[in-house]
Amino acid sequence: MADAHHEEHEDHGNTVSAWFLTVSWIVAWSVAGAAIIMGGGLVLWTGLALGASVVFAVIAGLLKRAGLGRKEPRPVPPTREQWEAARASEGTKGTDEVREVAASAGRA
């Protein structure tokens, strides 16, 4: 089933919007952490990092709306019952049929 998952989703979340948000948060919190270690005020730098995180999240949202984010909604994982039904039918069906059952279970 892992192969079917990889075939369906090409981007795996690797978008400009997602990368911008990840890198900007790492930089903001690293700078704040370094400033705190060097003797800066804990509350001041934590507040600045939180504020920067909110601003960066808004910018990432704007990037997503501009078409630089995920194009389709995230896939919904199957429920436990759907997963167990697909798993139970795996022993009696071929792998293509199991993928179809799992795919239809994920859409339900």
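The values are calculated or read from the model by the stated rules, or taken from the named source; none is laboratory data. Quick caveat, the model's predicted, so the values are computed rather than measured. Cβ sites come from the backbone with ideal geometry, for glycine too, and all protein chains shown count toward neighbours. Side chains are part of the model used for accessible areas, which takes the heavy atoms of the whole protein and leaves out ligands, DNA and RNA. Shrake-Rupley method; radii C 1.70, N 1.55, O 1.52, S 1.80 Å.
Quick look at the numbers
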{"quantity": "Whichever residue in the range 59-87 is among the hydrophobic types (A, V, I, L, M, F, W, C) and surrounded by fewer than 11 Cβ atoms within 10 Å (Cβ to Cβ) and, among such residues, is modelled with the lowest pLDDT", "calculated": "76"}
{"quantity": "Where a residue in the range 1-27 is under 30 Å from residue 85 (Cβ atoms) and open to solvent by 60 Å² or more (accessible area, probe 1.4 Å) and its partner, wherever it lies, is assigned to a helix (DSSP H, G or I) and at pLDDT 55 or above, with Cβ under 6 Å and at least six apart", "calculated": "1/102"}
